[in-house]
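Read the structure below first, then the notes.
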Amino acid sequence: MKDRITEQSSHYDHLEQMSVGELLQHINDEDALVAEAVRKALPQIETFVTAIEPRMKRGGRLFYIGAGTSGRLGVLDASELPPTFGVSESWVIGVIAGGDKALRHAVEHAEDIAEQGWKDLQAYHPTEDDTVLGIAASGTTPYVVDAIRQARRNGLLTGCITSNPNTPLAQEAEFPIETIVGPEFVTGSSRMKSGTAQKMVLNMISTALMIRMGRVQGNRMVNMQLTNDKLIDRGTRMLQDSLGLGYDEARERLLESGSVSSCL
């Protein structure tokens, strides 16, 4: 692993001797490199999203699969889509090595059990209209690599996000996305720049897909779930702007219909 960028030594040393201000400044300097790394991967991301869209319109699902930080970020992105866009929880599904327990606690060696990744996906009875996105900063995580290999062999569309070039994971995936962010501020701590890049790419993929699937009108989340006062107020103001209604009438219509889109 010494030749992997994600394992290379930090550009900084003697971190314990730095002031808080110096630590924060240098972390921020490194974080500033992430957006450019993601920008360079935009053609890869576009190709992947374009390939997913017709499958999802046929009823296919998108699975994220990862271990540790990568798995948690996948579950996070998937879990935010139903309340944000009013879609079923079955549209985008996050799968993490070690199961839900691993969201809060490290499950030792879960990522090393290669065959478990595909087993975990099989619990959802995948079809050829489904897509699997493997997330692994190193690009070598056995749980993820084997899951992508088996998914592709079974006719699913496959992609991945890695922070190293030319990895085993990228070789298995039909649509690899490589965000080369460089060595981490704390050597090997891929929860930092690599994790930030993964979060950005996941946001891009899921948001673009939700827009293409008709879950946004103009620039607004017109299908969001009205699960709290803030969202009810937001929806009310959307209707005020769109229909020229007073606040109380807009709110009443919104609560009766259940969503902004139903009122437009």
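Remarks
- Ranking ILE5, ILE52 from most to least accessible surface, computed with a 1.4 Å probe over the protein chains only, gives ILE5, ILE52.
- Residue-averaged [θ]222 nm for the chain, counting only DSSP H segments that reach four residues, each worth -39500 (n - 2.57): -15000 deg cm²/dmol
- Helix 229-243 and the longest principal axis of the Cα set of the chain meet at an angle near 60°.
- Ranked by the mean number of other Cβ atoms within 10 Å per residue, highest first, peptides 132-141, 110-119 order as 132-141, 110-119.
- Calculated from backbone phi, Karplus (6.51, -1.76, 1.60) coupling profile of segment 148-154 in Hz, x at Gly/Pro: 5, 4, 5, 4, 5, 4, 9
- 23 Å Cα-Cα reach of LYS193 towards lysines, excluding residues that sit fewer than 8 places from it in its own chain: LYS2, LYS40
- Surface composition of the chain: carbon and sulfur make up 47 percent of the accessible area, probe 1.4 Å.
- Highest-first arrangement of 177-189, 81-93, where packing means the average Cβ count within 10 Å: 177-189, 81-93
- Looking at the chain, the accessible area is 49 square angstrom per residue; that uses a 1.4 Å probe and ignores ligands, DNA and RNA.
- In order along segment 50-55, the phi-based Karplus estimate (6.51 cos²θ - 1.76 cosθ + 1.60, θ = phi - 60°) of 3J(HN,Hα) comes to 4, 6, 6, 3, x, 5 Hz; Gly and Pro are listed as x.
- Summed residue charge, Cβ within 10 Å of SER10's Cβ, Lys/Arg positive, Asp/Glu negative: -3
- Phi angles across segment 191-205 convert, under the Karplus curve 6.51 cos²θ - 1.76 cosθ + 1.60 with θ = phi - 60°, into 3J(HN,Hα) values of 5, 8, 4, 4, x, 5, 5, 4, 4, 5, 5, 4, 4, 4, 4 Hz, Gly and Pro given as x.
- Whichever lysines have a C-alpha closer than 20 Å to that of LYS119, once near sequence neighbours (fewer than 8 apart) are set aside: LYS101
The values are calculated or read from the model by the stated rules, or taken from the named source; none is laboratory data. Since the model is a prediction, treat every value here as computed from it, not as a measurement. With ideal geometry, Cβ positions are generated from the backbone for all residues, glycine too; neighbour counts draw on all protein chains shown. Accessible surface areas use protein heavy atoms only, side chains included; no ligands, DNA or RNA. Shrake-Rupley method; radii C 1.70, N 1.55, O 1.52, S 1.80 Å.
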